[in-house]
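The values are calculated or read from the model by the stated rules, or taken from the named source; none is laboratory data. Remember, predicted model here, so these are calculated numbers, not experimental data. Cβ sites come from the backbone with ideal geometry, for glycine too, and all protein chains shown count toward neighbours. When the accessible area is computed, the model is the full protein with side chains, heavy atoms only, and any ligands, DNA or RNA have been set aside. Shrake-Rupley method; radii C 1.70, N 1.55, O 1.52, S 1.80 Å.
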Amino acid sequence: MRRFTHVKLLDLNHDVLDTIVSFVAPTDAMQLALTCRDAYDVAMPRFLSEVVLGGTSVMDGPEQITLFCRYMLEDPQNRIRHLRVLEIVEGAFVSAEGEGGGAWVADFSCAAILADMLRKATNLRKLAIRDLEPLLQHEPAIADAMSHLTRLQDLSFYLVGKCTLEMLGRTKCHPYRLEFGMWKDGPRVAGDTKAFDEYASSLHTVNLWQVACLLESFGPDYVGEGVRVLGLGGRCSVKEEAPTANWTSLDHVDTSSPLPFFSCNVRRLDLRYVLGVVQTRLSRMQVIDRTVKLLTQTKPVVLSCKIKEEQGDTIVERLVPVISQVRFLEVAYTPPQREVGHHEVFAPLQHVNDWTGEFFRRFEKVPLVGLSLSYSTDPVSFNYTSVKETARLATMHIPTLQFVSVGVAPKRDGLSVPTPMYFRVQLCGKGELLLDQLESGRGKRFRDELRLLPRPTYYDTGEYIHALHHKSLSKEADTVAYVLDNTA
């Protein structure tokens, strides 16, 4: 029999130790570093690789940044070179004023030393800075320091403006991901995004949070070839006729406002707003009309949406004709109140399946492979019996389904809800559909794989259904792989 000898952790080869520590969270690496000198040498590079500055504590402000930068600059060769991710979050540039610290004021006293440290952080891959625009206005040297960071791949800036765009014009990096949040500095200047047209060859993801107006001056070279994921969050101020760029490569759009200006197909579309609720400057009907137009233009295969209907609404009927190509639908649905003056927070359990059957029937002409439904019901009444009945009704009205998940939509932010239940649909010998409940982890993996469904190259629904129903579905991975093969 082969005998194994005990080996102490710190006796391992240095390359092996580096690999092990790379899987440890930075905060845990710090705890390891404090145990002894040898452990310090092994774990400290990992701790310094991902750093978050700022927060809600009094000690998380400019003083924290100053102390960190001073520490890094004392031995840049052995400290700054390990820095790969730097996030400067809310609270980093404020300090308490007056006796008792009752008032909080902007404080950029750490800006100069931060610029000195950034200038030497040439191995940075990800940089996130909140309050970037006022920081640049206070300390222009930050922009100069950014021009030295050629290896940046992920940029995330909140509170942006003219100084931010001017800074981008001086950068020499080619990021994979770019995220902006909230315009801070007055009216825009035409063509002010021209500075980062150079990103077109490398950029994959663009997220614009309350600053979708930047789309108006993106040139066709910028968005035409590389951008695959576009996120538009918060209130949008994009003009009705803009933008005119050719979005030829878009794969995934995530938006909090109906913006029907896309003239290309989009494989996955996530609608974060609620259909049936008034938006800023848009009535309920305008929101629905614009969404129908958006769906008509993008023709998604994977769709996520939220619907809140009132008595007499036909929102679903408006959607169905323009989602015939959808194969995986994730929908959070709030049904109409059962009667005028009824003020229950949740629909009682006995009434849930009264409307779910009718709801599924409205989708019977859409050849869905997967359906994920979350609905407004009492979390206490969310049990296996009622959920399985809901899933059974879904498969009865939508015979193409291979996967169903059912969950509870929170009526208020912060409200705790049960974990969704996941089911795989199988065809038994007599043509009957059977529901096999999946463990939560497997169900989530199945759902995530369905979000990657490609656009089908054919729409022979009869052949499609026949193939799916006669495939062995022993594992969720086999199911998804087969669905992918037959929709590629």
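Summary of values
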item: Charge dipole of the stretch 64-156 about the Cα centre (unit charges at C-beta), most positive-ward option of 92, 112, 124; result: 124
item: 295, 67, reordered so the largest accessible area comes first (probe 1.4 Å); result: 67, 295
item: Long-range amide H partners of residue 334 with built H, under 5 Å; result: 307, 308, 309
item: Accessible carbon and sulfur surface of the stretch 25-113 relative to its total accessible area, %, 1.4 Å; result: 52
item: For the stretch 29-83 versus the stretch 270-314, the gap between their alpha-carbon centres in whole angstrom; result: 47
item: Listed peptides 200-212, 138-150, 274-286 by packing density, highest first (mean Cβ within 10 Å); result: 200-212, 138-150, 274-286
item: Neighbourhood net charge (12 Å Cβ-Cβ; Lys/Arg +1, Asp/Glu -1) for residue 265; result: +3
item: Computed accessible area, residue 172, all protein chains, 1.4 angstrom probe, square angstrom; result: 140
item: Packing-based ranking, highest mean first, of 416-427, 73-84 given that Cβ atoms within 10 Å are counted; result: 416-427, 73-84
